[in-house]
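Working notes for the structure below.
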Amino acid sequence: MLVSELKPIGEILGSLRPGERVFVVACGGCAQTTGAGGEKAIQTLKSAVLEGEHPVVGALEIPFLCNKALIGLKLSRVRTTVDKAEVFVVASCGVGVQAVATVTGKPTVPASNTLYYGAFQGVWPAEERCARCGECVLAETGGICPLTVCPKGLLHGPCGGSYQGECELEPGRPCGWQKIYDRLAELGRLDLFEKFRPPKDRRRALDVPLSRRRTTLWDLEFWEE
Amino acid sequence: MRLRERLAHGEFVITCEAAPPKGADVGPALEAVRKLAPKVHAFNVTDLQSSVLRMSSWALCALIKREGFEPILQMTCRDRNRLALQADLLGAWALGIENVLVLTGDHPVLGDHPQAMPVFDLDSVQLIAVIQALNSGRDLAGNELSGRTDFFVGAAVNPTAEPLEPHLAKLRLKAKLGIGFIQTQVVYDPQAFVRFVQKLDGVRVPMLVGIIPLKSAKMARFMNEHIAGVHVPEEIIKVMERAKTPEERRQRSVEICARIVRAVRPYCQGIHFMPMGWEDCVPDIVELAGI
Ligand code: SF4
Ligand code: SF4
């Protein structure tokens, strides 16, 4: 179970370019259970996006956004609207956002911050894809998570150890920042590569605050332990 | 004259790496610095290079400063969080250290304490922004400081990185945040360096080109295989191979370096030596290159 919460609407709208045609996707799995997915998120996001004067060309709830095959199947049924969309706004954990970005090959904006995970970890291995940093930056990194794809978790491009697309850590391991660069180039968004990002708020990744421990989810999954 | 003044005046500058000791005895490190000082304008003190434990960079910087020479503090993001980095920077300033070269740092698994926690709370771009904040009298959290620093900040780049574009983009971002000098990774192919300079458009920061004297053909091959982004051309390796005696190898190596220095000189504002134990070659290279 990955616990996420919706980002402030202003931040989501800030990641969209003026008049961009939006497709909203929400996870009906963990994200819905924790209140940041499902039909509720779709409604919130649709009205916010419309208010920000972006046309919404489509919206879809998919039971588990960490299941790439399922995303492909569901989206292929609404092919024509998917083709019209210029950007996907995704309410789910970071894994789901990355899955949508990979399947669609289009700019993808996370509507949520992923905070931590509980017992069930989704179909696409979560710990390899999302470090639950609580300040999701996937909108600026082509839908590839720099915190998990780069062993140093850098936020501004490759270190000196990146060579011919390989990471300094071990032979054969791709350099995450080369992947992000290539994806942003494909999306025509290299401007984002040269954007300054302030240091992360590490509190978000460290501990589960008391307020969260009082949720039903917490009770269900952690109480006895 | 200080490094920043020399560069501002358009002087051609020589810097050289000085490694802190693996241990408590700074004698030999300082001795090497004293010997080189007549030919070198400033000494880069490495920060646990290759993630191998050594004495801290600021300590050797302070000792170099005490001897009357100019240090450049190398600072990586590998081992300290934002609190420790800022604390060390304030301390370094109080010890008279003015120049900082900001680096990401190698991953700890590559060094001699592979079990260590990789920190990387900030990255090199953010660390530059933090130093600019300290220079303006505030810390990263925006709190006002008693007295401000005035660090001269530098960044590193590999001119022969492949593909080059992401590294260029990162360098442009660093230049936007405010850097006063660039020191490059080692260059063995002057043409590749010139190509890099031509792509730099917009980045107008004095650049010092990295030089490492080759000890042998074997060292060249080793670097080609194991050091990311280092490429020694085959012709150079052949020249080293033909040298039979140690004296001959040293002589060839000095000639190779001098030739590279002469070739890159019109395109840069200085040379940055990384002698790796061959400190005594540096004056010979400088002389032969006619600097
Ligand atoms: S940036 Fe990465 S670690 Fe942070 S929430 Fe997004 S996917 Fe997860
Ligand atoms: S080589 Fe790339 S993935 Fe590896 S640590 Fe450096 S920037 Fe990160």
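The values are calculated or read from the model by the stated rules, or taken from the named source; none is laboratory data. The shown structure was predicted, so the numbers you read here are calculated from the model rather than taken from an experiment. Virtual Cβ from ideal backbone geometry, glycine too; neighbours counted across all protein chains shown. These accessible areas exclude ligands, DNA and RNA; they are computed on the full protein's heavy atoms, side chains included. Shrake-Rupley method; radii C 1.70, N 1.55, O 1.52, S 1.80 Å.
Projected label points at residue B:113 and residue B:66, each 7 Å from Cα along the beta carbon direction, are separated by 2.3 nanometres. Computed over the protein assembly as shown, the convex hull of the alpha-carbon atoms projects to a mean area of 26.8 nm².
Centroid-to-centroid, using Cα positions, the range A:1-55 and the range B:164-240 are 45 Å apart. Other protein chain C-beta atoms within 10 Å of residue C-beta, averaged over B:229-238: 1. Using just its DSSP H runs of length 4 or more, each adding -39500 (n - 2.57), chain B gives a mean residue ellipticity at 222 nm of -12500 deg cm²/dmol after division by all residues.
DSSP assigns beta bridges within chain B; of those with both partners inside it, close to 5 percent run antiparallel.
Let a ≥ b ≥ c be the square roots of the eigenvalues of the Cα gyration tensor of the range B:156-291; is it rounded (a/c under 1.5), or, if not, prolate (a/b larger than b/c) or oblate? Judged from the Cα gyration tensor, the range B:156-291 comes out prolate (a/c at least 1.5, a/b above b/c). Straight-line cross-link reach from residue A:84 at under 17 Å between alpha-carbon atoms covers these aspartates and glutamates, not counting any fewer than eight positions away in the same chain: A:20, A:53. Bridges between two residues of the protein assembly as shown, per DSSP, are antiparallel at a rate of about 15%.
Out of every Cα-Cα pair that the range B:3-157 contains, those further apart than 27 angstrom amount to 22 percent. Here the peptides A:154-167, B:238-251, A:32-45 are ranked by packing, the mean other Cβ count within 10 Å, and the order with the highest first is A:154-167, A:32-45, B:238-251. Interface A/B, total buried accessible area with a 1.4 Å probe, nearest 100 Å²? The buried area between A and B, both sides summed, comes to about 2500 Å².
Partner shielding of B:100-107 amounts to 4, given as the average count of beta-carbon atoms from other chains within 10 Å of each residue beta-carbon.
Among the GluC sites (Glu not before Pro) in the range B:52-155, those located in a DSSP loop and surrounded by at most 16 other Cβ atoms within 10 Å of their own Cβ are B:67.
Charge tally around residue B:116: other residues with Cβ under 9 Å, Lys/Arg +1 each, Asp/Glu -1 each, net 0. Counting Cβ atoms of other protein chains within 10 Å of each residue's Cβ and taking the mean over peptide B:117-123 gives 5.
In deg cm²/dmol, rounded to 500, what helix-only [θ] at 222 nm does chain A give when every DSSP H run of at least 4 residues adds -39500 (n - 2.57) and the total is split over its residues?
-9500 deg cm²/dmol
Modelled spin-label separation between residue B:90 and residue A:202, with each label point placed 7 Å from Cα along the Cα-to-Cβ direction: 1.8 nm.
Within the straight-line cut-off of under 24 Å between alpha carbons, the lysines reachable from residue A:7 are A:40, A:46, A:68, A:106, A:195, A:200, sequence neighbours fewer than 8 places apart in one chain being disregarded. Across the range A:3-213 the C-alpha pair distances fall into 5 Å bins from zero in the proportions 1, 8, 16, 20, 21, 17, 11, 5, 2, 0 percent. Structure remark: mean-square fluctuation, Gaussian network model of chain B, C-alpha springs under 10 Å; the largest value among B:140, B:83, B:95 belongs to B:83. Overall form of the range B:98-166: oblate. Here a/c, set by the Cα gyration tensor axes a ≥ b ≥ c, is 1.5 or more, and a/b is not larger than b/c.
Taking only protein heavy atoms and a 1.4 Å probe, the accessible area of chain A is 54% carbon and sulfur.
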